[in-house]
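The values are calculated or read from the model by the stated rules, or taken from the named source; none is laboratory data. Values in this document were obtained by computation on a predicted structure and should not be read as measured data. Cβ atoms come from the backbone with ideal geometry, glycine included; neighbour counts cover every protein chain shown. The area values use the complete protein model at the heavy-atom level, side chains included, leaving out ligands, DNA and RNA. Shrake-Rupley method; radii C 1.70, N 1.55, O 1.52, S 1.80 Å.
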Amino acid sequence: MKREGEHMIFRTALEQYLSPEQLSVLGSVKIGIAGAGGLGSNCSVCLVRSGFRRFRIIDYDCVEPGNLNRQFFFPDQIGMPKVDALAQTLRRIEPDLELELIRQKITAEDAGGWFQDCDVVLECVDVAATKALLVEQYAPTGKLVVAVSGIAGWGESDRLRVRNRGGNLYLIGDETSGVDRLPPLAPLVTAAAAKQADIVLAHILDRLEDKKGRGR
């Protein structure tokens, strides 16, 4: 009963801002998230708070003390696999989620198979080669793909731009500020993650409005 009550409280909050049709569509979208660190953890929280309910999250790492400055984890989760810790957090917001949690590294051999049945692919990894691999695999499929590059340092947050790279591929960041030169800190990392979530939300809701317009 407690979990059902928590679910209803959250749904009531969403219903103040989104229509039943919008919530139904958002709840049906399956989102693939590659990486559960600074980008993936913060972006997924934004998405859940926006009404998305279906996720496949892939990450190999465990929560470490050095993650807490920018990733949506807590001291009592140190040592947990990130996918499990993130699931724990997301279900505190919305207990009724469909979460597929995969603790595994993404490699060139299997990258193309992880998100084939997802509607959206979010690139939230740290390794440049893996970033490129995911974009190369999924951008040609027509899925919405949102990648991030260059979010280190502080100040001048307006340098985080959203660029459409053709079709449904979007890139967020300044494309220059690597963590080898500047530290990854919470404000810009979280801002980039929020931009990722906003692109997904806008894409789905705009597509719904376009569909309704064509039906008139």
> Can you pull out the trypsin sites (Lys or Arg not before Pro) in segment 142-211 that DSSP calls coil and that have at most 15 other Cβ atoms within 10 Å?
Replying inline: ARG165, ARG181
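Does segment 79-178 classify as rounded, prolate or oblate by the C-alpha gyration tensor (a ≥ b ≥ c root eigenvalues; a/c under 1.5 gives rounded; else a/b over b/c gives prolate, otherwise oblate)?
On the way: a/c = 1.64, a/b = 1.22, b/c = 1.34.
Here segment 79-178 falls in the oblate category.
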> Averaged per residue, what accessible surface does the chain expose to a 1.4 Å probe, in Å²?
Replying inline: 50 Å²
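Could you give the dipole magnitude of segment 1-136 about its Cα centre, charging the beta-carbon of Lys and Arg +1 and that of Asp and Glu -1, in debye to the nearest 20?
Taking the Cα centre of segment 1-136 as origin, the dipole is about 320 debye.
Looking at segment 92-134, which GluC sites (Glu not before Pro) are DSSP coil and have at most 11 other C-beta atoms within 10 Å of their C-beta? Display every interim value, and only then the final one.
Numbers: sites: GLU98, GLU100, GLU109, GLU123; in loops: GLU109.
The qualifying sites are GLU109.
If exposed means no more than 15 neighbouring beta carbons inside 10 Å and the site is in a DSSP loop, what's the longest run of the chain without any exposed chymotrypsin sites (Phe, Trp or Tyr not before Pro)? Numbers along the way, then the final one.
Numbers: sites that count: TYR17, TYR60, TRP154.
Free of exposed loop sites, the longest segment is 61-153.
Work out which helices of the chain, taken as complete DSSP H runs, extend at least 27 Å along their axis over the Cα atoms and score a mean Kyte-Doolittle of -1.0 or more, then list them.
Values: long enough: 186-214 (42 Å, 0.04).
Span-like helices here: 186-214.
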> Residue by residue, what Karplus-based ³J(HN,Hα) values in Hz, rounded to whole numbers, does segment 61-75 have, using 6.51, -1.76 and 1.60 with θ = phi - 60° and x for Gly and Pro?
Replying inline: 7, 9, 5, 10, x, x, 7, 6, 6, 8, 9, 7, 10, 10, x
>> Quick check on the chain: helices-only [θ] at 222 nm, where DSSP H runs of length 4 and up contribute -39,500 (n - 2.57) each and the sum goes over total residues. Nearest 500, please.
In response: -13000 deg cm²/dmol
> Residues with amide H under 5 Å of ASP61's amide H, sequence separation 5 or more or different chain, H placed in the peptide plane at 1.01 Å from N; which?
Replying inline: LYS82
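Once you order the gyration tensor axes a ≥ b ≥ c over the Cα atoms, which shape class does segment 28-108 get: rounded for a/c under 1.5, otherwise prolate or oblate by comparing a/b with b/c?
Values: a/c = 1.80, a/b = 1.24, b/c = 1.45.
Oblate shape, in that a/c is at least 1.5 and b/c is the bigger or equal ratio.
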> Given H placed 1.01 Å from N in the peptide plane, which residues other than close sequence neighbours of LYS30 have an amide H under 5 Å from its amide H?
Replying inline: ASP119, VAL120
> Check LEU144: other-chain or 5+ apart residues with amide H under 5 Å from its amide H, H built from backbone geometry?
Replying inline: VAL121
> Per-residue HN-Hα couplings for segment 111-118, Karplus 6.51 cos²θ - 1.76 cosθ + 1.60 at θ = phi - 60°, whole Hz, x for Gly and Pro?
Replying inline: 4, x, x, 5, 10, 4, 9, 9
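Of all DSSP beta bridges located in the chain, what percent are antiparallel, nearest 5? Could the numbers behind the result be given before it?
Values: 5 of 26 bridges.
Counting DSSP beta bridges with both partners in the chain, the antiparallel share is about 20 percent.
For the chain, which whole percent of the accessible surface, found with a 1.4 angstrom probe, sits on carbon and sulfur atoms?
Details: 5640 of 10800 Å².
With neighbouring chains kept in place, the figure for the chain is 52 percent.
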> Heavy-atom accessible area of CYS46 with all protein chains present, probe 1.4 Å, nearest 10 Å²?
Replying inline: 50 Å²
